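Here's the structure we're looking at; comments come further down.
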């Protein structure tokens with residue numbers, strides 16, 4: 001049987017009443033706002049899911065930092081500041097450069113690197129007032145102040161089943177718009193690095209420390225000059241179509257694994273291929289009122305799996321810090337080798353035509 005219900009509320013009583021009426025075999029969400037309510041709801045109605053307190057520790061980035069530091073896993077100096085003066089004191093103790101971020105938002109929204117106190121005062125407002133494009137603000141007050149982690153950034157999507165965490169998709173990130181951390185692309189599999197295996201082992205260990213089980217997760221980490229460090233652990237499927245990149249690259253079905261675990265079944269983690277897949281986010285060169293975005297010669301691009309536009313004409317598109325996740329299109333390509341995959345993505349990006357009216361000098 002297939003049916004759907006639209007519920008315009010995050011009220012746990014409303015959601016629980018619906019779940020008890022439908023009597024599903026499991027609950028699964030990809031929505032950042034719902035991961036903790038769904039965990040508590042699943043426990044309430046007797047369905048399989050990960051521990052709600054473990055989910056809460058991952059939702060609050062400062063709580064995750066404290067838990068991992070206490071266990072001696074991925075130590076990172078950090079503090080939570082409610083005021084600018086608290087932020088100044090914390091940054092002085094940690095040592096510049098530091099990174100400011102909301103305690104509970106995704107997509108690198110409001111995350112900014114600062115070099116000194118002057119930059120910190122401006123960045124504090126950006127992080128404290130940050131909102132997702134739909135208006136969602138951090139669920140936890142205060143700004144997280146962290147030591148800056150140098151080095152390349154990666155992500156790994158894992159499935160944890162009966163206490164065992166298995167890495168499924170390792171992606172290398174492309175970051176843009178410094179001093180912000182907008183994720184502008186990903187490539188799977190990640191390039192070889194002498195610290196990569198240790199970093200993935202660290203992520204697996206962190207799952208055990210937090211108490212995560214019966215879920216698919218998306219963790220981000222950096223290979224710093226002082227060793228691997230975790231950026232965050234998200235208790236949901238990875239965004240930016242990374243699970244799809246994994247499927248194109250190896251054949252692994254991350255979404256299918258998430259669904260299996262949600263209904264209490266052992267996931268199928270089989271693979272059947274080995275190629276490279278990459279996604280590139282398309283941005284305007286400046287703040288604009290978008291008129292159109294299109295790809296010249298789409299049929300002339302080998303390995304192009306998808307080119308998708310999703311911003312309506314007339315939309316005001318603003319780059320960081322005025323706006324975050326300012327993508328106007330995406331391109332996904334595949335190739336047998338990493339260099340060919342990168343070259344194909346670059347060729348597609350070069351053929352994108354964006355038209356619009358500038359909103360003013362930046």
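Bear in mind that the values in this text are calculations on the coordinates, not laboratory data. Model, not experiment: these values are computed from the prediction. Every residue, glycine as well, gets a Cβ built from its backbone with ideal geometry; the counts of neighbours run over all protein chains shown.
Just grab the label-to-label distance for residue 129 and residue 294, each label 7 Å out from Cα along the Cβ direction, in nm (one decimal).
So the label points at residue 129 and residue 294 sit 3.8 nm apart.
Sort the following peptides by mean Cβ neighbour count (other Cβ atoms within 10 Å, averaged over residues), highest first: 302-314, 337-349.
By packing density, highest mean first, the sequence is 337-349, 302-314.
Expressed in nm to one decimal, what extension gain is obtained for the pair residue 22 and residue 82 from 0.36 nm per residue of sequence separation less their Cα-Cα distance? Walk me through the numbers before you get to the answer.
Values: separation 60, 0.36 × 60 = 21.60 nm, distance 4.26 nm.
17.3 nm is the gain from fully extending residue 22 to residue 82.
Compute the length gained on full extension between residue 322 and residue 70: take 0.36 nm times their separation in residues and subtract their Cα-Cα distance, giving the result in nm to one decimal.
Working: separation 252, 0.36 × 252 = 90.72 nm, distance 3.64 nm.
Extending this stretch completely gives an extra 87.1 nm.
Suppose a student asked you for the relative contact order of region 276-358, using Cα pairs under 8 Å spaced at least 6 residues apart; what percent would you report?
Normalised by residue count, the contact order of region 276-358 is 49 percent.
Going by Cα centres, region 1-52 and region 303-324 are how many Å apart?
First find each Cα centre; the distance between them is then 31 Å.
Please list, by residue number, everything in region 55-96 whose backbone N is under 20 Å from a paramagnetic label point 7 Å out along Cα→Cβ of residue 43.
Within reach of a label on residue 43, which here means backbone N under 20 Å from a point 7 Å along Cα→Cβ, region 55-96 contributes 55-68.
Mean separation of Cα pairs under 8 Å and 6+ residues apart, divided by the residue count of the chain: what relative contact order is that in percent? Mind showing how you got there, number by number?
Details: 766 pairs, mean separation 52.1, N = 362.
The normalised contact order for the chain reaches 14 percent.
What's the center-to-center distance, using Cα atoms, between region 241-293 and region 74-94 in Å?
35 Å
Restricting to bridges with both residues inside the chain, how much of the DSSP beta-bridge set is antiparallel, in percent to the nearest 5?
The antiparallel fraction comes to roughly 100 percent.
Given Cα pairs under 8 Å that are at least 6 residues apart, what percent is the relative contact order of region 77-147?
Relative contact order, region 77-147: 45 percent.
How far apart, in nanometres, would the label points at residue 191 and residue 89 be if each is projected 7 angstrom from Cα along the Cα-to-Cβ direction?
4.3 nm
Would you kindly state how much longer the chain becomes between residue 350 and residue 140 on full extension, computed as 0.36 nm times their sequence separation minus their alpha carbon distance, in nm to one decimal?
Residue separation times 0.36 nm, minus the Cα-Cα distance, leaves 71.6 nm.
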